[in-house]
Amino acid sequence: MGRREGPLEDMVEAMSFWRGKRVFITGHTGFKGAWLSLWLTDLGAEVTGFSLPPPTQPSLFEIAKVEPRLRHIAGDVRDAEALTAAVREAKPEIVFHMAAQSLVRLSYDQPVETYAVNVMGTLHLLEAVRRVDGVGAVVCVTSDKCYENRETDRPYGEDDAMGGYDPYSSSKGCSELVTAAYRRSFFKDQGALIASARAGNVIGGGDWAKDRLVPDLLNGFASGTRPRIRFPGAIRPWQHVLEPLGGYMRLAEVLWAGDRSAAEGWNFGPDETDARPVGWIAARLAEFWGEGAGWDLTGEPQPHEAHFLKLDCAKAKTRLGWRPLWALDEGLRQTVAWRRALEGGADMTQFSLSQIRARQSAAIDA
């Protein structure tokens, strides 16, 4: 484990590694899942996706025409039998588990569904992997909110306690515990190598999730209205979606190579300087959008959300050789550029792929 020869070698090796690999992705119709599907298929991977329909209308999955690039299976991770059958049929070498109910505020309205998807869905996926031969590596994606947040200024490391104030955060902590238990109980010395990945708040083109800061702002700017934001002082580890996805892929490569020491939890977040308040993000995004962009504070009561959250990503940097390549300003610019391209009628498959390739090329210039 650790760094490879250099940035260019990293890029060439990654392209070679993924070509022809059989990859199974749950939640491939979601925001992060669609970006990962685009990236892996562009590298030549043979991707099978298992998911419910896209969670939003519009969606990146549809706008970037992701479905024709892979084998799409409509399914629900709460259906253990259907999920196992799909894994068995796909015969994957590598699995990314990304299916989730991913919204804090929605978890207050739908707590049972949130736990069913995020906890039992993870269990069903791991049980499917246990019953199907040939899987070499599994990356279960959770969230930085899996940690017991004590609202301190200390970044959370992988060995900090799991927790969660709200149903969503708690469900992600539970998912981590399920993953760790299965790894120790059934995959300790044989079978697939299983790791979990925890990332901060992601931004990027193609996100229309409800009650999420950047989509709300961009929708308002595009329609000429002033969106209302909550918790302007809340600090989050913001990063472009391609940053943690690059980490997940690097982690899968290391697992596939047979390094059992990598079968554990990993943080993938921005540099500490890119942990910024909500109000700063709103102001910067309005600046990048240009004339007419503005926002207001909401005065309505809000359910609890964490006010301070940072990740310590030293382990991924030192042991995987991963690091964020786009700083927050560049991530915001790329996000605005994607939305502007959409508004201008661009081919969003090609535009999205151009951003993926630009992020890969950034490694050479680093």
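The values are calculated or read from the model by the stated rules, or taken from the named source; none is laboratory data. Everything numeric here is computed off the predicted structure, so don't read it as measured data. Backbone-built Cβ (ideal geometry, glycine too); neighbour counts: all protein chains shown. Accessible surface is based on the protein model in full, side chains and every heavy atom, while ligands, DNA and RNA are left aside. Shrake-Rupley method; radii C 1.70, N 1.55, O 1.52, S 1.80 Å.
Structure notes:
- In the range 32-45, the residues that are under 19 Å from LEU125 (Cβ atoms) and either outside any helix (DSSP H, G or I) or of a type outside the set (A, V, I, L, M, F, W, C) (or both): LYS32, GLY33, SER37, ALA45
- Residue in the range 209-218 that is closer than 29 Å to PRO155 by Cα, part of a loop (DSSP other than H, G, I, E, B) and at pLDDT 95 or above present: no
- Residues within the range 85-103 that are crowded, with 23+ Cβ neighbours inside 10 Å, hydrophobic (A, V, I, L, M, F, W, C) and within 19 Å of the chain's Cα centre (by Cα), tallied: 6
- Residues of the range 107-161 satisfying the condition of being of a type outside the set (D, E, K, R), in a loop (DSSP other than H, G, I, E, B) and over 18 Å from LEU177 (Cα atoms): GLN110, VAL132, GLY134, VAL135, GLY136, THR152, PRO155
- Summed over the range 219-228, the residues that are touching a residue at least 60 places away in the same chain (Cβ under 8 Å) and open to solvent by 10 Å² or more (accessible area, probe 1.4 Å) give a count of 6.
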